[in-house]
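The values are calculated or read from the model by the stated rules, or taken from the named source; none is laboratory data. The structure displayed is predicted, hence computed values, not measured ones. So basically every Cβ, Gly included, is an ideal-geometry build from the backbone, and we count neighbours across all protein chains shown. To get the accessible areas, we keep the full protein, side chains included, count just its heavy atoms, and leave off ligands, DNA and RNA. Shrake-Rupley method; radii C 1.70, N 1.55, O 1.52, S 1.80 Å.
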Amino acid sequence: MRLSVSLGLWQDRPPAEALDTARAADAAGYPELWIGEMATWDAFALGTAIGAATSKISLTFGPLAVTVRDPATIAMGVASVAALTGRETGVALGTSSDVVVRGWHGRSRDRAATALAESAVAVRQLLGGEKSTVDGSVVGSRGYRLRLPAPKAPLTIAAFGPRALDVAARHADRMVVNLVSPAAAATLVRGLRAAAERAGTTPPPVAAWVVAAAEPGPAELEQLRRGVVGYLAAPGYADMFRAEGFGDLVDFARGRPHPRELLAAVPAEAVAAVGLLGSRDEIAAKIGAYAAAGVDELAIVPATGDGDPGGAKTLDACRSAAVLFDTGV
């Protein structure tokens with residue numbers, strides 16, 4: 001099982017703690033750091049700062065919302081960080097949510113899967129040093145070529161629904177899924193393989209973002225519980241939590257209770273269903289469950305708190321648990 005690290009960007013923690021997590025991941029020997037973008041940092045600005053604060057870890061940006069960032073700005077951002085830091089870089093593309101795209105940015109999510117496919121083609125052209133030639137029905141780029149050295153960065157596609165699985169099968173070097181149980185991951189892996197068979201392609205490897213906390217205390221558990229609240233009633237995710245035995249919680253979430261009431265109702269077991277929690281042995285067993293589901297890589301999203309700023313303890317525990325799983329010792 002390959003391990004990487006994704007920044008949690010937890011809203012209950014200081015924003016600059018992202019640099020602590022990056023330094024901890026680099027020091028622990030993780031090969032790759034995912035730098036997402038939602039409500040806090042501009043991903044490329046943060047990536048440049050992380051490049052200056054660490055020694056060797058590679059940087060993957062995203063998933064970036066293709067209906068918010070266009071292919072030229074994505075490619076320019078990735079190339080900028082690669083040139084300024086000298087690091088290997090990658091990019092992940094996704095469609096994000098109505099809250100982010102329509103609410104925060106005032107953009108449309110109509111035909112999001114088409115936008116994802118068209119962006120994937122254009123971004124790959126640009127990152128490969130080609131002149132863009134995509135005249136898409138939703139997004140596109142024509143006649144632009146990077147002036148900076150082309151980083152030739154690998155392309156990851158974030159997928160959850162069937163149309164995004166089709167895009168990943170056709171265009172991705174890797175597919176990533178977020179906050180899924182091993183059973184849900186297995187369903188998505190099967191869907192990717194079926195999509196690749198229809199397209200006549202080889203299915204790319206699959207990474208799963210998973211929250212993690214080694215021997216979590218009350219503060220870490222509350223942080224992780226807060227992180228799943230927004231998913232409980234979301235399409236697809238609600239079915240997953242119901243399948244994991246949390247149907248009553250899903251029904252409660254769909255009744256639109258006050259967020260404080262919903263948070264209070266979320267048990268630690270709901271987090272454990274989609275993450276790595278507990279002792280080294282428990283984390284190793286869960287890594288095994290994801291491996292059995294067909295997941296090739298786990299991107300660890302470590303919980304952080306005053307007792308473990310940056311999540312260094314959890315990152316060390318996950319590395320140790322992965323060795324335990326790999327060796328069976």
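Can you tell me, using C-alpha contacts under 8 Å and at least 6 residues apart, the relative contact order of the stretch 180-275 as a whole percent?
37 percent
Would you mind getting the accessible area per residue of the stretch 92-244, heavy atoms of the protein chains only, 1.4 Å probe, in Å²?
Result: 46 Å² per residue.
Check the chain and count each lysine pair with an alpha-carbon distance under 21 angstrom, considering only pairs eight or more places apart or from different chains.
Qualifying lysine pairs in the chain: 4.
How are the Cα pair distances of the chain distributed, in percent, across 10 Å bins from 0?
6, 26, 36, 25, 7, 0
Counting Lys +1, Arg +1, Asp -1, Glu -1, what net charge surrounds Asp20 among other residues with beta carbon under 13 Å of its beta carbon?
-1
Taking all protein chains in place and a 1.4 Å probe, what share, in percent, of the accessible surface of the chain do carbon and sulfur account for?
The C+S portion of the solvent-accessible surface of the chain is 53 percent.
Relative contact order for the stretch 215-329: what is it in percent, counting Cα pairs under 8 Å that are at least 6 residues apart?
For the stretch 215-329, the relative contact order is 26 percent.
How many angstrom lie between the C-alpha centres of the stretch 192-227 and the stretch 139-168?
So the two Cα centres are separated by 20 Å.
At 222 nm, what value in deg cm²/dmol follows for the chain if DSSP H runs of at least 4 each add -39500 (n - 2.57) and the sum is divided by all its residues, to the nearest 500?
Using -39500 (n - 2.57) per qualifying helix, the result is -14000 deg cm²/dmol.
Where does each of 139-150, 222-233 land if you order them by average Cβ count within 10 Å, highest first?
Going from most to least packed, we get 222-233, 139-150.
Ratio of Rg to Rh for the stretch 165-307, alpha carbon only, Kirkwood?
Result for the stretch 165-307 is an Rg/Rh of 1.01.
Normalised by the number of residues in the stretch 19-164, what is the relative contact order in percent for Cα pairs under 8 Å and 6+ residues apart?
22 percent
Order the peptides 61-71, 249-259 from the highest to the lowest mean number of other Cβ atoms within 10 Å of their residues.
Per-residue mean Cβ counts within 10 Å order the peptides as 61-71, 249-259.
Take the alpha carbon atoms of the stretch 105-158, find their radius of gyration, then divide it by 2.2 N^0.38 Å using N residues; give the quotient.
In units of the 2.2 N^0.38 Å rule of thumb, it is 1.19.
Tally Lys/Arg at +1 and Asp/Glu at -1 over every other residue whose Cβ is under 9 Å from the Cβ of Glu130; what's the total?
+3
Cα axis of helix 17-27 to longest principal axis of the chain: angle in degrees, 0 to 90, nearest 10?
90 degrees
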